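Peer 1: One structure, as structure tokens, below. Some questions next.
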Amino acid sequence: MVVGGAGRRGVVAAASYEARFYGVRSAMPSTQARRLCPNAVFLDGDHDYYRDLSTQIMDIMARFTPLIEPLSLDEAFLDVTSGRRLFGSGSAIAATLRQTIFDEVGLWCSAGVAATKFVAKLASERAKPSASRAGPVPGAGVFVVAPGRELEFLRPLPARALWGVGPATMTKLERLGITTVGDIADMPVERVVSVVGKASGQHLHNLANARDDRSVEPDQRAKSISQEQTFQFDLHDRGDLGRHLVRMSDSVAGRLRRAGLQARTISIKVRFGDFSTITRSLTPPSSTDSGMGISQVAHELLDKVDLGKGVRLLGVGASGLEEEQHEQLTLDDAMGDANTNDPSRSDWKLADEAVDEIRRKFGIDSIGPAVLAKPGERLAARDKNENPWG
């Protein structure tokens with residue numbers, strides 16, 4: 001089974017262990033996955049469902065410690081130092097947490113226990129099942145790297161296991177004869193820096209020697225919120241692209257409002273048929289959480305882009321996030337004769353609040369921008385082909 005985009009430009013989001021045995025992995029083009037595993041069944045993703053499950057799992061984690069740093073929907077660092085007197089050792093907490101998540105959510109997870117974030121991350125990888133033709137081979141579930149034994153664990157690992165070692169960096173390291181983490185640890189830091197740069201070189205050398213003093217940082221604020229879509233065929237028509245901008249702007253604005261945030265900067269991302277990619281951004285006079293406001297800026301940015309090469313991917317992003325601000329009403333608001341398309345107007349804010357409430361009660365497809373309605377079809381706040389994996 002493969003989850004992700006099944007189309008000609010789809011991308012694999014996740015794969016069962018049976019599919020992984022054939023080499024299918026996340027971020028792989030779906031066409032390549034089909035070649036490797038012709039009998040795989042492709043399923044669409046459901047991000048809303050994943051987010052609901054993620055919330056349940058994070059709530060269970062919070063019973064053991066308030067110090068939780070989410071990395072993604074399905075991964076987080078936990079500092080359980082203060083919970084050892086109540087719940088036992090780190091390994092005992094991990095085992096109890098793992099069983100509780102399965103009992104209440106129905107999902108098994110893997111846990112790595114160590115004194116540092118980096119080693120704990122790698123330990124969690126070691127705890128996972130492995131792939132086989134017959135299905136997953138159970139892993140340890142919980143893997144512990146005891147304090148003082150970090151180097152023993154790290155040194156045999158391939159150098160690409162280190163955070164920050166991608167294909168380009170690995171190619172540079174191989175020129176020095178480096179293949180394992182131990183090779184990096186043994187090499188003078190100056191030599192590593194000369195090959196991959198000062199910041200990256202120092203970082204890799206520290207990790208290879210198990211030096212990682214970063215603490216778990218809970219309550220990290222999002223730096224940006226975005227949404228993008230890959231199209232099955234390149235789009236050239238500005239009207240079609242405009243409707244996608246409206247849809248994505250509405251979605252990004254809804255997420256901003258749910259988080260109680262407003263954006264200072266709006267951006268678009270455009271990937272053309274030849275895979276060249278550009279981004280354009282603009283900072284309006286005031287921050288916004290309005291779908292109309294984000295859409296107006298996004299349209300203004302897209303109007304300046306030459307679409308001659310066709311658009312393969314389009315995205316809308318909001319950054320410079322800040323807490324929602326109370327705004328002073330203007331005389332135009334009071335008189336009611338201001339530009340009715342001004343998203344900063346108080347009545348538009350009331351409309352956004354009403355839309356949010358309707359969607360909470362009746363679902364996201366219950367209401368949406370009118371431009372998305374098609375004759376003879378039910379309004380859908382999301383494109384039936386909309387999928388973050390293409």
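The values are calculated or read from the model by the stated rules, or taken from the named source; none is laboratory data. What you see is a predicted model; the values in this text were computed from it and never measured. Quick reminder, even Gly has a Cβ in these numbers, built from the backbone with ideal geometry, and neighbours come from all protein chains shown.
Peer 1: Is there any pair with a first residue in region 132-152 that is on the phi < 0 side of the Ramachandran plot and a second that is among the β-branched types (Val, Ile, Thr) and surrounded by 12 or more Cβ atoms within 10 Å (Cβ to Cβ) whose Cβ atoms are under 6 Å apart and which are 6 or more apart or on different chains, and what are they?
Peer 2: Correct list of pairs: Val144/Val113; Val145/Val119; Glu150/Val119.
Peer 1: Here's another thing I want to ask about it. Identify, from the list Ser286, Ser290, Ser276, Ser251, the residue that is surrounded by fewer than 16 Cβ atoms within 10 Å (Cβ to Cβ), of a type outside the set (D, E, K, R), under 26 Å from Ala351 (Cβ atoms) and at pLDDT below 95.
Peer 2: Working: Ser290 fails: surrounded by fewer than 16 Cβ atoms within 10 Å (Cβ to Cβ); Ser276 fails: under 26 Å from Ala351 (Cβ atoms); Ser251 fails: surrounded by fewer than 16 Cβ atoms within 10 Å (Cβ to Cβ).
Just a single option satisfies the conditions, and that option is Ser286.
Peer 1: Also: If only one of Asp240, Asp219, Asp212 is without any contact (Cβ under 8 Å) to a residue 24 or more places away in the chain and in a loop (DSSP other than H, G, I, E, B), which one is it?
Peer 2: Asp219
Peer 1: Under 20 Å from Ser89 (Cβ atoms), out of contact with any Ser or Thr (no Cβ under 7 Å at 6 or more places or on another chain), without any contact (Cβ under 8 Å) to a residue 24 or more places away in the chain and not polar (S, T, N, Q), is that true of Arg126?
Peer 2: Here the answer is yes, as Arg126 does meet what is asked.
Peer 1: Of everything in region 254-266, what is surrounded by fewer than 23 Cβ atoms within 10 Å (Cβ to Cβ) and under 24 Å from Ile364 (Cα atoms)? Give them in sequence order. Quick ask: steps written out before the conclusion?
Peer 2: Start the filter on region 254-266 by keeping residues that are surrounded by fewer than 23 Cβ atoms within 10 Å (Cβ to Cβ), which leaves 254-255, 257-262, 264-265.
Within region 254-266, Gly254, Arg255, Arg257, Arg258, Ala259, Gly260, Leu261, Gln262 meet the criteria.
Peer 1: Among Arg191, Arg133, Arg160, which is over 28 Å from the mean Cα position of the chain (by Cα), among the basic types (Lys, Arg) and part of a helix (DSSP H, G or I)?
Peer 2: Testing whether each residue is over 28 Å from the mean Cα position of the chain (by Cα), among the basic types (Lys, Arg) and part of a helix (DSSP H, G or I) leaves just Arg191.
Peer 1: Which residues, counting only those in region 1-58, are aromatic (Phe, Trp, Tyr) and either in the same structural domain as Asp79 (by TED's automatic domain parsing) or touching a residue at least 40 places away in the same chain (Cβ under 8 Å) (or both)?
Peer 2: Tyr17, Phe21, Phe42 - these are the residues of region 1-58 that are aromatic (Phe, Trp, Tyr) and either in the same structural domain as Asp79 (by TED's automatic domain parsing) or touching a residue at least 40 places away in the same chain (Cβ under 8 Å) (or both).
Peer 1: Find the residue count for region 17-41, including only residues that are surrounded by 16 or more Cβ atoms within 10 Å (Cβ to Cβ), among the small types (Gly, Ala, Ser) and within 21 Å of the chain's Cα centre (by Cα).
Peer 2: Of the residues in that region, 1 qualify.
So that you can scan it fast, the table gives a plain yes or no per residue for (1) of a type in the set (D, E, K, R); (2) over 22 Å from the mean Cα position of the chain (by Cα); (3) closer than 14 Å to Gly317 by Cβ:
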residue: Ala263; (1), (2), (3): no, no, yes
residue: Ile268; (1), (2), (3): no, no, yes
residue: Thr277; (1), (2), (3): no, no, yes
residue: Pro285; (1), (2), (3): no, yes, no
residue: Leu301; (1), (2), (3): no, yes, yes
